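The values are calculated or read from the model by the stated rules, or taken from the named source; none is laboratory data. Nothing here was measured: the structure is a model prediction, and the numbers come from that model. Note that we place each Cβ from the backbone using ideal geometry, even for glycine, and neighbour counts take in every protein chain shown.
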């Protein structure tokens, strides 16, 4: 068709009633609203919400089912990191890793068993003596209260209330007798969990090189070096931290044994070991919890001795904080008190008492790994950065 035969093109304003086409803006909310349809973004938001809700439910269900196993694995991991240096030393002397690991674990288990047996025997003996001579202890305690505070309590009335069959004391004793079976089952469960931890720890340490080779096979050589450095740092810092706490526990037990022996307290060695271990390995409040048992046992014999024991525990804690701990932990890991307190609270909230115990070595390991990252610079001198507490190799805090 020729140009002369083309139909004439009308100008844009030749059709005043024509509707201008809508410019595409990528937002079709108006059309969806006009057509009565749900916007696409609402559908996507609903799908994401329900998928997130289902995922949270699945994670919560798995956590409820597997939290016990996760706790056992965490305890095994930290125990493996703690004994790895000792196993490596024995391996360099010609020991097989399996034999070295079994020897160290058996030694730890034997020491823990002896300690718990001694403490259990001591507590059981004291409870039996308290129940058999309850009237004598009550009369002596009431007389001390009357002499100290000038009161006029009748010892016989207190004894009668204690022995009343329907009284609160006897009801509590009867309730504890009914829980014997439950306590036995809990003890059996604790033994099974301990065995599981030991088995996991044994395999993690004895077969550690093979496990690391399996993991490193999936990584490039440069990343393999980074993983090995982080692993070695975790072993050194975690093991060093736990060993430093063990050394502090030995010192604490030694000094407390001297005082307990001098004060002629019953079973001074088990009580000193109790104070030393609990005060070092139970974070934040370990010292105060450890001091309750010797103070109570001593109070039954003599309130004056109990006051002496309590005073020495408080004084020794200050000496340890300002003299022993900074020097012993200078070569391992020194945690800021706020970090230690926060880690203990977080561990207790997440995993209970075991989480609180694991929190400090966990925080120490994380702090060690994070502390190796990034470039370091010399800190400028200022009143806000001055360290006035000298350590064995210079001011504290320079890590």
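Values computed for the structure shown
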read-out	value
Residue check for residue 228: within 26 Å of the chain's Cα centre (by Cα), at pLDDT 85 or above, assigned to a helix (DSSP H, G or I) and not assigned by TED's automatic domain parsing to the domain that holds residue 87	yes
Candidates 239, 208 - the one that is at pLDDT 85 or above and either over 20 Å from the mean Cα position of the chain (by Cα) or within 24 Å of residue 99 (Cβ to Cβ) (or both)	208
Residue within the range 253-267 that is at pLDDT below 85 and assigned to a helix (DSSP H, G or I) present	no
Test: residue in the range 50-66 that is modelled with pLDDT under 85 and surrounded by 11 or more Cβ atoms within 10 Å (Cβ to Cβ)	yes
Test: residue 301 is on the phi > 0 side of the Ramachandran plot, in the same structural domain as residue 348 (by TED's automatic domain parsing), surrounded by fewer than 16 Cβ atoms within 10 Å (Cβ to Cβ) and more than 24 Å from the chain's Cα centre (by Cα)	no
